[in-house]
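First up is the structure itself, then whatever we jot down about it.
What follows draws every value from the coordinates through simple rules; no lab data is involved. It should be emphasised that the depicted structure is a prediction, and the values quoted were computed from it without experimental measurement.
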Amino acid sequence: MEIQKDISSNALIEVPSRADIKCGMTIAAQLVQRYGPKYWPVLERLKQEYDALDDMEALLTSLLSDADKAA
């Protein structure tokens, strides 16, 4: 897991992995199923984070591939 520094408190925080986010999404889905749509925003937020990882990885791959071709 990647570790980043939290500027506000100088404490180290862990960046969640794809597996961590997927686990959270599963738990959020169970909450929605059991307790209703009031937990839907949690699931949506986790989905955004999961998609952001995909977008970030795709962008890095594309940029690094372009850099390799230019070199």
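Just how far, in whole angstrom, is segment 22-40 from segment 44-71 if you go by their alpha carbon centroids? Cα centroid to Cα centroid, the span is 27 Å.
Using every pair of separate Cα atoms, the Kirkwood estimate puts the hydrodynamic radius of segment 20-71 at 12.7 angstrom.
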